[in-house]
Amino acid sequence: MEVSLCFSCIAGVELNSWLRHCDGGPRPLKFVTAEYNGSLPSLVYHPYSWTKVANIIFVDSPLGSGFSYSRKYEGYDWLVEHPQFISNPLYIAGDSYAGKIVPMVAKRILDGIDEGKEPLLNLQKKKREARREEKPEKAAV
C-alpha cells in the first residue's frame, strides 16, 4: 500500500517550479484543551498560499512517519513516477532544524548531478539577504 501527498498548484495557474519543503524536526507535542466536537478538518482557501507560486512536495521526517508512506522500497521513487516535475526548477526550503537538513539534501542532489546520476534535477538557488535593523545615529552632545 502506498499513500502520496503532493500539493499541486491551484487550478488554472501554470507553474513549472516546485518546492521540496523540509520540516523543522522534533517539537514538543501540543494538546488541545478545547472540547472536541467530532468534526473532521477541512481545507480552507488562503489568498497567499505557496501553491500560487510553486508546486510543493512535503517529505515526512523521519521518513514514513506522516501522511506519505510506502511498504515497498520502490514506493520512495516518487519523482520517477511523476516525471513532469523532474526538469522543472527545484527549490529546497525548510524551517527550524531543517537548517541542518536542507544543506545535506542540496549537497546530495548536487553530488548526483556531478556524477550524472538520473534523474538529473534542476536544483536552483535563491540568495536570501540578511536583514539588519538600522540603528539610529547617535546625536552629537
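Tabulated values for the structure
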item: Matching option when the condition is out of contact with any His (no Cβ under 7 Å at 6 or more places or on another chain), of a type in the set (A, V, I, L, M, F, W, C) and at pLDDT below 70, among Phe85, Phe67; result: Phe67
item: Count of residues meeting criterion [assigned to a strand (DSSP E or B) and either free of Cβ contacts under 8 Å to residues at least 24 places away in the same chain or touching a helix residue (DSSP H, G or I) at 6+ places or on another chain (Cβ under 6 Å) (or both)] in region 73-92; result: 1
item: Residue in region 41-54 that is in a loop (DSSP other than H, G, I, E, B), modelled with pLDDT of 75 or more and either more than 25 Å from Gly94 (Cβ to Cβ) or in contact with a Ser or Thr (Cβ under 7 Å, 6 or more places away or on another chain) (or both) present; result: yes
item: Region 93-104 residues that are in contact (Cβ under 8 Å) with a residue 40 or more places away in the chain, paired with ones that are part of a helix (DSSP H, G or I) and surrounded by 14 or more Cβ atoms within 10 Å (Cβ to Cβ) (beta carbon under 8 Å, 6 or more apart); result: Ala93/Val102; Gly94/Ile101; Gly94/Val102
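The values are calculated or read from the model by the stated rules, or taken from the named source; none is laboratory data. None of these values were measured; they are calculated from a predicted model. Reconstructed Cβ throughout: ideal geometry from the backbone, glycine too, with neighbour counts over all protein chains shown.
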